[in-house]
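Notes follow once the structure below has been shown.
The values are calculated or read from the model by the stated rules, or taken from the named source; none is laboratory data. Model, not experiment: these values are computed from the prediction. Quick reminder, even Gly has a Cβ in these numbers, built from the backbone with ideal geometry, and neighbours come from all protein chains shown. We work out accessible area using only protein heavy atoms, side chains counted, and drop any ligands, DNA or RNA first. Shrake-Rupley method; radii C 1.70, N 1.55, O 1.52, S 1.80 Å.
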Amino acid sequence: MNKIFEIPLYSYQRSDDQDASSPVRHPVVVIGAGPVGLAAAIDLAQQGVGVVVLDDNDKVSFGSRAICFSKRTLEIADRLGLGDPLVDKGVQWNLGKVFFDDRKVYEFNLLPEEGHKRPAFINLQQYYFEEYMVQRVRDLQEQGAPIEIRGRNKVSAIGTHDDHVTLEIDTPEGSYNLEADWLIACDGAGSPTRQMLGLDFVGRVFEDNFLIADVIMEADFPTERWFWFDPPFNKGQSALLHKQPDGVWRIDLQLGWDIDKEREKRPENVIPRIREMLGEDVKFELEWVSIYTFQCRRMEKFRHGRVIFAGDAAHQVSPFGARGANSGLQDTDNLCWKLKLVLDGQADESLLDTYDVERIHGADENILNSSRSTDFITPKSEMSRVLRDAVLDLSEQYEFARPLVNSGRLSLPCTYEGSPLNSADALNGPERSAPGSPCPDAPLGDGYLLPQLADRFTLLTINADAPDSFEEAGITVHRLALSTQDDKTRALRERYLGDNDSAVYLIRPDQHVAARRPSFDDSQFRAALRRAIGKEHSA
Amino acid sequence: MNHQDQLILTPNIDRADDFYADLLSAHEGLSKPESDALNARLVLVLANHIGDRDVLKQALAAAALNKGE
């Protein structure tokens, strides 16, 4: 049987650009057709920005790789027009079990908050995620959107200039040159772009290796997340078992940093371990095995003139907590509306420096969480192991110790606290919707709030008067007028009003709150809009 | 800082000698690793009872014998 990741999805095709007498200039070139690069391209193309995606391969990613996609990612995917296939295919789970040594210490039910269109997260193989994205690109192309994926186009040289980037590209039919107003590098952890520009990472560095295996089970096995600390079949390390669609189970075995990768990968070494993990009588077939090495660190800055880095190319974390692809999609979510304004001349290039400010904040939060998980899972000293084991032993009997158990804190969207694009909070309202926060979803009539807030600046009014739209700095802001009379579940009140009778929010195209006040004030909201596009610098 | 946010560093244990004897007897017959594990669990149980992060920070500083804290 051919697996989806073995079939070329964007085969090499000769482009007219290869026969042009001088290099053709595109508004945006994206390097890398992974989830992050494709998200950037779809986002820009939906806004009418011409974009070419270059990838040295022609297939979706091999093996399952990223498998846990968070609610925020699904909300972004909704904005990109591919939320439904992801959620329809993905597996949802609520029950988790924690094992320590040879025993189960406790289990938990996630009980996600009600009143959100999307679940807390889904499990889905990265190759499906990419396949749906490529399908979305094809749909956009049919609608005439300016978007292309060029397979087996390998960038071999990059020239940086004040107002553009030049690219030399190798193909099966020889090389050609391209120019781009802006280059977005989404070419992964080993980013050749980063290396070609002579850029490196800063910060705390640690390295670990994981054996990642996709296993097909023959018998029924519960849809639960199982996490082992220090199990007999992987002494001193951790292990994770997660359900994916199509009866495929994902197994992550932590290996430590000083290992013989080729030896660990051999089926005769992998299969006995998995048998010990699942039990002697469970029949399974090994679909895919890989060794994944990660480092936990980031670039000093993500924007280098006309070259902007996103996803793993810019920052890397451990797999605990699903912060890789999920944070990469928050990168492009943050970047693309800003880039569109800059390309249209509605904002200065300096707006893109706030991509650095906001997403470095996000990357640091992810690195912090991921480092803490790693410190718990792989204690670095004798006493940290004693304390870790004490937490796990207590967790078996006492509920109080369970919040201290850290097998990865699941990715929550970043709040851009202190961003220069935020206006001072003028509403004594709920903290979760303060300026900088991603808007929490809420039920709205037969549907949900978030789809109403996508892709443009929105003035959200709750029990408050305001004009239906206003124009400032060349941008039209449309009002979404809501009332708590229709708020049957009280989610809108709880998430946006708190104790206030009314509220007015200015919401960015990426669904983050820019400003909020108890009522509409023309000059304040005009200033807030200018601030949100980097044109007003006083708070 | 109100009274509840303040770590108590004056005598506060009822019948201190009895408590100390209880502590020693809890460790009786344990190996060094077992005792270390017991102490670690005890710290976590007590820390949860206190709960207040400010008090816990003061306790960590007091235990480190940082004079002048």
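Is there any pair with a first residue in the range A:512-527 that is at positive phi and a second that is open to solvent by 40 Å² or more (accessible area, probe 1.4 Å) whose Cβ atoms are under 9 Å apart and which are 6 or more apart or on different chains, and what are they?
As it stands, the answer is none, since no pair meets every condition given.
Name every residue in the range A:403-419 that is surrounded by fewer than 17 Cβ atoms within 10 Å (Cβ to Cβ) and within 14 Å of chain B (Cβ to nearest Cβ), in order of residue number.
Correct list: A:P403 only.
Determine if the range A:391-414 includes at least one residue that is among the basic types (K, R), in a loop (DSSP other than H, G, I, E, B) and touching a His at 6+ places or on another chain (Cβ under 8 Å). Break it down into steps so the answer makes sense when it comes.
Keep residues of the range A:391-414 that are among the basic types (K, R), which gives A:402, A:409.
Retained after the next criterion (residues that are in a loop (DSSP other than H, G, I, E, B)): A:409.
Checking which are touching a His at 6+ places or on another chain (Cβ under 8 Å) leaves us with none.
No, because not a single residue in the range A:391-414 is among the basic types (K, R), in a loop (DSSP other than H, G, I, E, B) and touching a His at 6+ places or on another chain (Cβ under 8 Å).
Kindly check whether there is at least one residue in the range A:3-26 that is surrounded by 24 or more Cβ atoms within 10 Å (Cβ to Cβ) and more than 30 Å from A:A213 (Cα to Cα).
Initial filter on the range A:3-26 (surrounded by 24 or more Cβ atoms within 10 Å (Cβ to Cβ)): none.
The answer is no, given that none of the residues of the range A:3-26 is surrounded by 24 or more Cβ atoms within 10 Å (Cβ to Cβ) and more than 30 Å from A:A213 (Cα to Cα).
Whether any residue in the range A:459-468 is closer than 24 Å to A:E417 by Cα and among the β-branched types (V, I, T) is what I want to check. Give the steps one after another, and end with the answer.
Kept after step one, since they are closer than 24 Å to A:E417 by Cα, are these residues of the range A:459-468: A:459-462.
Restricting the remaining residues to those that are among the β-branched types (V, I, T) gives A:461-462.
Scanning the range A:459-468, I find at least one residue that is closer than 24 Å to A:E417 by Cα and among the β-branched types (V, I, T), so the answer is yes.
Every residue, every condition in (1) open to solvent by 90 Å² or more (accessible area, probe 1.4 Å); (2) within 26 Å of A:L392 (Cα to Cα), yes or no:
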residue	(1), (2)
B:T10	yes, no
B:Y20	yes, no
B:A40	no, yes
B:N48	no, yes
B:K57	yes, yes
B:A62	no, no
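Residues that are within 30 Å of A:G32 (Cβ to Cβ) and open to solvent by 10 Å² or more (accessible area, probe 1.4 Å): find the strands (runs of 3 or more DSSP E) completely inside the range A:178-266 holding 2 or more of those.
Values: elements: A:207-217, A:224-229, A:238-243, A:248-256.
Because the criterion is at least 2 residues that are within 30 Å of A:G32 (Cβ to Cβ) and open to solvent by 10 Å² or more (accessible area, probe 1.4 Å), the strands (runs of 3 or more DSSP E) in the range A:178-266 that meet it are A:207-217, A:238-243, A:248-256.
Report yes if A:S156 is closer than 22 Å to A:D312 by Cα, open to solvent by 40 Å² or more (accessible area, probe 1.4 Å) and modelled with pLDDT of 95 or more, otherwise no. Can you show your working first?
Details: closer than 22 Å to A:D312 by Cα: yes; open to solvent by 40 Å² or more (accessible area, probe 1.4 Å): yes; modelled with pLDDT of 95 or more: yes.
Answer is yes for this residue.
What do you reckon, is A:N422 under 30 Å from B:L38 (Cα atoms), more than 10 Å from every other protein chain (Cβ to nearest Cβ) and either part of a helix (DSSP H, G or I) or open to solvent by less than 70 Å² (accessible area, probe 1.4 Å) (or both)? Walk me through how you get there before you give the answer.
Details: under 30 Å from B:L38 (Cα atoms): no; more than 10 Å from every other protein chain (Cβ to nearest Cβ): yes; either part of a helix (DSSP H, G or I) or open to solvent by less than 70 Å² (accessible area, probe 1.4 Å) (or both): yes.
Considered against the rule, which asks whether it is under 30 Å from B:L38 (Cα atoms), more than 10 Å from every other protein chain (Cβ to nearest Cβ) and either part of a helix (DSSP H, G or I) or open to solvent by less than 70 Å² (accessible area, probe 1.4 Å) (or both), A:N422 comes out as no.
Among the listed residues A:V137, A:V49, A:V87, A:V105, identify the single one that is buried (at least 16 other Cβ atoms within 10 Å of the Cβ), at pLDDT 95 or above and part of a strand (DSSP E or B). Before you say what the answer is, go through the steps one by one.
Details: A:V137 fails: part of a strand (DSSP E or B); A:V49 fails: part of a strand (DSSP E or B); A:V87 fails: part of a strand (DSSP E or B).
Residue meeting the stated conditions: A:V105.
What tally of residues in the range A:361-395 results from selecting those that are surrounded by 19 or more Cβ atoms within 10 Å (Cβ to Cβ), more than 14 Å from every other protein chain (Cβ to nearest Cβ) and touching a strand residue (DSSP E or B) at 6+ places or on another chain (Cβ under 8 Å)?
6
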